[in-house]
Amino acid sequence: MTVTVSLINMKGGVGKTTLAFNLAWYAAWQANLRVLAVDLDPQSNLSQYFMGAEKYVEHLKASRPTVVEVFEQFSAPNLSGGSAKPLIAENIVHHLHAWDDDSLLDLVPARLELAWTLKNPTEKAQLLPQFLSKISHKYDLILIDCPPTESILTTAAYRSSRFVTVPVRPEFLATIGLPLLARSLDEFRLMHQDQTLEMAGIIFNGLRRSNTPPEQTQSLADVESLASKHGWPVFNEIAHHSDSYPSGSRQGDPIFRTDYARDYVKDEFSEVAERFLNTVGAK
Ligand SMILES: Nc1ncnc2c1ncn2[C@@H]1O[C@H](COP(=O)(O)OP(=O)(O)OP(=O)(O)O)[C@@H](O)[C@H]1O
Ligand SMILES: [Mg+2]
């Protein structure tokens, strides 16, 4: 059984992409799962983390497929210049790593032109789950990195997912995106009663390990109280602030494969990842 999980928060810069990148790597490399990461943000940070800036630019220059083709398969703009061809789902997947028959790490990259889909969104949300259903048998876990604003792309992510998980950076106004998220989930569930979409939980990311500023402590309490109001679980396991996250992402390495991240940072991330995989039933 494949489980699909969207990382979402209507607030920007909370660690959705960083966690998607590290969790996907962890699930494939440490937990021996077959993993597909889907970049659903026109900013394409996840694609750049996985492929590295140079290879990503080559990918774009060569007009190789991205998630844009999933949404724009029947309409202009046609990035390859020719007339619309039938979509071969496998061709859109960019293969990253395979270690043995069991573990695999693949990516559906994004590109900035995904923003076109936002301009002409009619009926397009269904195209992502249709595309994923053609290839999902190859994977144990599919992780979707969402953009920070609600749109057709969010609906497409929900429509494809069994779970959502919500990275939260404890800081001033941390709770600001959460009521919006609650409303967006409620609305989606009302409109799609045929589908089960569960909240896997809130993952705190970027908390200062020592000398925690008072606004961070306050925001932990605010988020927990809001979460309990909605019946959302909050992970006890926390990904604390560490400069190894941005450095690792820049170099294309999850923190547990860097030689500079401290052992306690790696161990702590493993605890977050194990809790995540267990919660969504991927292990
Ligand atoms: N635990 C952490 N410790 C230190 N830096 C972090 C941590 N998590 C994320 N960052 C950094 O914070 C910035 C924002 O993180 P990220 O891009 O993952 O957030 P996001 O929610 O995906 O943002 P957006 O809403 O723009 O898509 C990045 O520069 C990232 O490297
Ligand atoms: Mg992001």
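Before moving on, here are some points about what is shown:
- Qualifying residue in the range 40-62 (condition: surrounded by fewer than 18 Cβ atoms within 10 Å (Cβ to Cβ), part of a loop (DSSP other than H, G, I, E, B), at pLDDT 95 or above and more than 16 Å from ligand 1 (Cβ to nearest atom)): yes
- Across the range 27-39, the qualifying residues are those that are crowded, with 24+ Cβ neighbours inside 10 Å and more than 14 Å from ligand 1 (Cβ to nearest atom), and the one among them that is nearest to LEU277 (Cα to Cα) is ALA27.
- Those residues of the range 153-169 which are in contact (Cβ under 8 Å) with a residue 60 or more places away in the chain and part of a helix (DSSP H, G or I), in sequence order: LEU153, THR154, ALA156, ALA157, TYR158, SER160
So that you can scan it fast, the table gives a plain yes or no per residue for (1) on the phi < 0 side of the Ramachandran plot; (2) polar (S, T, N, Q):
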| site | (1), (2) |
| --- | --- |
| ASN211 | no, yes |
| ALA221 | yes, no |
| HIS230 | yes, no |
| ALA239 | yes, no |
| SER247 | yes, yes |
| ALA261 | yes, no |
| ASP267 | yes, no |
| GLU271 | yes, no |
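- Top-ranked residue of the range 230-253 - restricted to ones that are in a helix (DSSP H, G or I) and within 16 Å of ligand 2 (Cβ to nearest atom), ranked as surrounded by the fewest Cβ atoms within 10 Å (Cβ to Cβ): PRO246
- So ARG209, is it open to solvent by 40 Å² or more (accessible area, probe 1.4 Å), closer than 30 Å to GLY52 by Cβ, out of contact with any Asp or Glu (no Cβ under 8 Å at 6 or more places or on another chain) and within 16 Å of ligand 2 (Cβ to nearest atom): no
- Extreme residue, nearest to the chain's Cα centre (by Cα), among residues of the range 1-11 that are open to solvent by 10 Å² or more (accessible area, probe 1.4 Å) and at pLDDT 95 or above: THR4
- The range 258-283, residues that are open to solvent by less than 60 Å² (accessible area, probe 1.4 Å), more than 17 Å from THR165 (Cα to Cα) and not β-branched (Val, Ile, Thr): ALA261, LYS266, GLU268
- Just one of the listed residues (ASP186, ASP145, ASP102) is farther than 21 Å from PRO233 by Cα and of a type in the set (D, E, K, R), and it is ASP102.
- Residues located in the range 1-60, provided they are within 13 Å of ligand 2 (Cβ to nearest atom), more than 24 Å from THR175 (Cβ to Cβ) and in contact with an Asp or Glu (Cβ under 6 Å, 6 or more places away or on another chain): ASP39, LEU46, SER47
- Evaluation of ALA227 against (1) open to solvent by 20 Å² or more (accessible area, probe 1.4 Å); (2) more than 21 Å from TRP29 (Cα to Cα) (one fails), failing number: (1)
- Residue in the range 90-109 that is modelled with the lowest pLDDT, counting only those that are exposed (fewer than 11 other Cβ atoms within 10 Å of the Cβ) and in a loop (DSSP other than H, G, I, E, B): ASP101
- Close Cβ contacts (under 9 Å, 6 or more residues apart or on different chains) running from residues in the range 170-195 that are farther than 30 Å from LEU207 by Cα and in a helix (DSSP H, G or I) to residues that are modelled with pLDDT of 90 or more and of a type in the set (D, E, K, R) comprise PHE188/ARG159.
The values are calculated or read from the model by the stated rules, or taken from the named source; none is laboratory data. Owing to the predicted nature of the structure, the values given are computational and were not obtained by experimental measurement. Every residue, glycine as well, gets a Cβ built from its backbone with ideal geometry; the counts of neighbours run over all protein chains shown. Note: areas computed on protein heavy atoms with side chains; ligands, DNA, RNA excluded. Shrake-Rupley method; radii C 1.70, N 1.55, O 1.52, S 1.80 Å.
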